[in-house]
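**Q** To start, I am sharing the structure in question, which I have written as structure tokens.
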Amino acid sequence: MTLANSSPKGNQNGNLPNLKTQSEPPVSEEEMRQAVRTLLLGLGENPDREGLKDTPKRVVKALKFLTSGYHQSLDELLNGAIFHEQTDEMVLVRDIDIFSSCEHHILPILGRAHVAYIPDGKVIGLSKVARICEMYARRLQVQERLTAQIADALQGLLKPKGVAVVVEASHMCMVMRGVQKVGSWTSTSAVRGVFAEDAKTRQEFMSLIRHTPSWS
Ligand SMILES: Nc1nc2c(ncn2[C@@H]2O[C@H](COP(=O)(O)OP(=O)(O)OP(=O)(O)O)[C@@H](O)[C@H]2O)c(=O)[nH]1
Ligand SMILES: [Zn+2]
């Protein structure tokens, strides 16, 4: 199953087509490097000095890595790791590192995700929960959408009794620039199924993840 959008231009939810299926990237690597060079010139720098001469290449490589989630599919990352298991106890994977990029400033969003689900006949390989988080984090994001995409992916893959996701993150666009609130962090949640319907189940999840993030 692939959740990548089939529209060639992507959509307003930050989905892009799976570019693997396209023969030619829309912009060449060289054009991307030239754009970084132009940025450096605009900043008053000399892009030909020793320390910067390879910077356009490095920046393009880094940005491609940080957005490599556009080129992944759930099918590929799952590698078949969904297993039939008769259990209906909560599964929680906590403290999954999140390194994402905010779509407004292309600056880092750094934090943690906590992901729980209550199975209904199927469980997923635990590492795949973290891989799903990574796939959506390595895109240009807003935290709310990242949180919902993780929840919806698990809901779609496992059809569990419920899914709950909390993301706690600090936005460098709010720390290093703009309003400059160094200690601020944002918590977002997405609950599906029994976590949305039953306050007790939701509370159990919340009490399991309650902690002071060490990075705050
Ligand atoms: N809801 C939401 N907002 C975000 C996220 N990441 C960044 N933003 C916000 O996006 C907004 C963009 O506002 P603008 O006024 O267009 O941009 P700006 O002038 O750079 O804003 P300031 O950051 O206030 O200086 C800011 O308030 C950011 O804090 C996110 O993940 N979710
Ligand atoms: Zn931002």
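**Q** Just to check your reading of the model, which residue among V167, V182 is within 15 Å of ligand 1 (Cβ to nearest atom), part of a loop (DSSP other than H, G, I, E, B), closer than 21 Å to P108 by Cβ and touching a helix residue (DSSP H, G or I) at 6+ places or on another chain (Cβ under 9 Å)?
**A** Only one candidate qualifies: V182.
**Q** Only one residue in L154, L146 is within 15 Å of ligand 2 (Cβ to nearest atom), closer than 19 Å to D95 by Cβ and in a helix (DSSP H, G or I). Which one? Show your work before the answer.
**A** Values: L154 fails: within 15 Å of ligand 2 (Cβ to nearest atom).
The match here is L146.
**Q** So which pairs qualify, if the first residue must be in the stretch 170-181 and modelled with pLDDT of 95 or more, the second must be in a strand (DSSP E or B) and near ligand 2 (Cβ under 10 Å from one of its atoms), the Cβ gap must be under 7 Å, and the two must be at least 6 apart or on different chains?
**A** H171/C102; H171/I109; M172/P108; C173/C102
**Q** Continuing with the same structure: Name the pairs: first residue in the stretch 85-108 and under 14 Å from I124 (Cβ atoms), second residue within 16 Å of ligand 1 (Cβ to nearest atom) and at pLDDT 95 or above, Cβ to Cβ under 8 Å, at least 6 apart or on different chains?
**A** From residues that are under 14 Å from I124 (Cβ atoms), the pairs are I96/R112; I96/A113; I96/C133.
**Q** Return the residues of the stretch 68-113 that are in a loop (DSSP other than H, G, I, E, B) and away from ligand 2 (no atom under 15 Å from the Cβ); say none if nothing qualifies.
**A** Result: Q72, S73, N79, G80, A81, E85, Q86, T87, D88, E89, M90.
The values are calculated or read from the model by the stated rules, or taken from the named source; none is laboratory data. In this text the structure is predicted, and so the values were computed from the model without any measurement. Cβ coordinates were reconstructed from backbone atoms using ideal geometry, including for glycine residues, and neighbour counts include every protein chain displayed.
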